1. Looking at 190, 251, which is the one that is out of contact with any helix residue (DSSP H, G or I) (no Cβ under 9 Å at 6 or more places or on another chain) and either outside the structural domain of residue 146 (by TED's automatic domain parsing) or more than 20 Å from residue 297 (Cβ to Cβ) (or both)?
2. Restrict the check to region 357-364 and report whether at least one residue is touching a strand residue (DSSP E or B) at 6+ places or on another chain (Cβ under 8 Å), closer than 24 Å to residue 45 by Cα and either in a loop (DSSP other than H, G, I, E, B) or modelled with pLDDT of 95 or more (or both).
3. Within region 186-199, track down each residue that is out of contact with any strand residue (DSSP E or B) (no Cβ under 8 Å at 6 or more places or on another chain) and over 18 Å from residue 79 (Cα atoms).
4. If you check residue 259 against the conditions, is it under 16 Å from residue 95 (Cβ atoms), in contact with a strand residue (DSSP E or B) (Cβ under 9 Å, 6 or more places away or on another chain) and in the same structural domain as residue 134 (by TED's automatic domain parsing)?
5. Could you list, in sequence order, the residues of region 400-419 that are buried (at least 18 other Cβ atoms within 10 Å of the Cβ), touching a strand residue (DSSP E or B) at 6+ places or on another chain (Cβ under 7 Å) and under 15 Å from residue 65 (Cβ atoms)?
6. Can you report the number of residues in region 58-72 which are out of contact with any helix residue (DSSP H, G or I) (no Cβ under 6 Å at 6 or more places or on another chain) and in a strand (DSSP E or B)?
7. Looking only at region 381-393, decide whether some residue is under 22 Å from residue 45 (Cα atoms), at pLDDT 95 or above, in a loop (DSSP other than H, G, I, E, B) and touching a helix residue (DSSP H, G or I) at 6+ places or on another chain (Cβ under 6 Å).
8. With under 30 Å from residue 396 (Cβ atoms) and modelled with pLDDT of 95 or more as the only criterion, which of 124, 152 stands out?
């Protein structure tokens with residue numbers, strides 16, 4: 001994602017389908033532009049100029065509102081969304097009770113169940129400005145119902161939201177004799193990304209072998225990698241170093257993502273410093289999930305309680321790509337959430353102690369352009385002439401203001417079409433009637 005020029009280029013065209021007038025464009029490495037017009041035709045951004053003289057079939061006067069690339073959900077489990085309390089609530093609040101509850105809930109999964117919940121969630125996400133989603137699909141059960149459902153949903157919604165599906169062996173690759181075959185079968189069915197969960201394998205040796213197997217499958221099927229890695233408070237859970245080693249050996253670095261890595265927050269600083277040096281060699285991506293990480297982790301601590309979020313600030317300071325995700329919305333692991341990525345960024349600002357102005361802006365980038373890099377979709381992402389016209393309009397002064405207010409987008413435009421519009425609620429103050 002290159003930074004945009006303050007005075008972008010313009011293509012010659014006689015007519016636009018849509019013109020956005022007088023909007024301030026986010027220039028990530030600079031700030032915000034002066035008011036600009038954006039011309040859209042056939043779903044493509046064809047002009048960006050201080051003042052377009054042509055007309056369009058439809059025009060929106062943004063009156064100085066912020067124009068941003070859309071939000072990206074880097075990490076969610078659409079197969080389990082909207083199931084909180086089914087078949088029971090997670091009383092301990094732990095990752096492992098959530099896994100047990102989900103093991104029972106998925107016994108009743110069927111295609112319509114998964115598809116209907118996933119579609120409802122995607123619609124809610126799109127209303128909130130999310131137009132790119134990476135979802136994990138549990139492939140630990142015979143029949144691969146969750147995977148099949150999410151692949152069908154992915155193809156059904158492609159005209160308004162882009163979805164990547166990760167083949168995710170929730171119960172581990174080696175925990176059941178069929179899981180190895182199920183994972184490969186999922187890739188043959190069309191899963192976009194190979195997943196894993198090495199810290200939940202039966203032994204460390206199985207965990208190491210699972211990482212190596214994931215890389216082998218990714219190379220065989222030419223897929224991306226996204227591993228649930230060290231999502232535990234145990235400072236001896238060190239599968240990230242295995243991922244790093246395989247990334248270096250295979251040269252796949254920027255195609256690899258380590259999700260969660262919450263144990264990284266518990267490593268002693270000497271080891272973490274050594275590991276950080278290796279990370280800079282690999283160009284692998286990281287995904288933190290602040291809402292769920294701060295909820296699930298530290299459950300066995302007394303005081304002080306660990307925050308349970310990976311070293312986001314230090315990774316960012318070292319130039320390593322980090323993005324944010326929800327992970328869960330109203331499911332056995334996290335019973336709250338609406339799908340708003342600004343909620344995630346807002347929590348990231350707090351729990352990662354990234355309250356400096358540049359740091360707040362960085363948290364905004366973790367739900368936008370950093371996430372596009374994680375999903376390897378930079379060619380389809382960004383507000384530039386010649387790219388798909390997928391963007392959002394926010395009634396905010398800048399990125400800081402957007403995170404502070406967590407405001408709903410005024411407009412969501414996907415591939416040149418306005419798919420959602422929100423009018424802010426208006427509150428009338430009656431205090432004057434009472435003399436205050």
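The values are calculated or read from the model by the stated rules, or taken from the named source; none is laboratory data. On a predicted model such as this, the values are computed, not experimentally measured, just so you know. Cβ placement follows ideal geometry from the backbone for every residue including glycine, while neighbour counts extend to all protein chains displayed.
1. 251
2. The answer is no, given that none of the residues of region 357-364 is touching a strand residue (DSSP E or B) at 6+ places or on another chain (Cβ under 8 Å), closer than 24 Å to residue 45 by Cα and either in a loop (DSSP other than H, G, I, E, B) or modelled with pLDDT of 95 or more (or both).
3. Passing the criteria: only 188.
4. yes
5. Residues satisfying the conditions are 402, 407, 409, 410, 411, 412, 413.
6. 7
7. Scanning region 381-393 turns up at least one residue that is under 22 Å from residue 45 (Cα atoms), at pLDDT 95 or above, in a loop (DSSP other than H, G, I, E, B) and touching a helix residue (DSSP H, G or I) at 6+ places or on another chain (Cβ under 6 Å).
8. After applying the criteria, what remains is 124.
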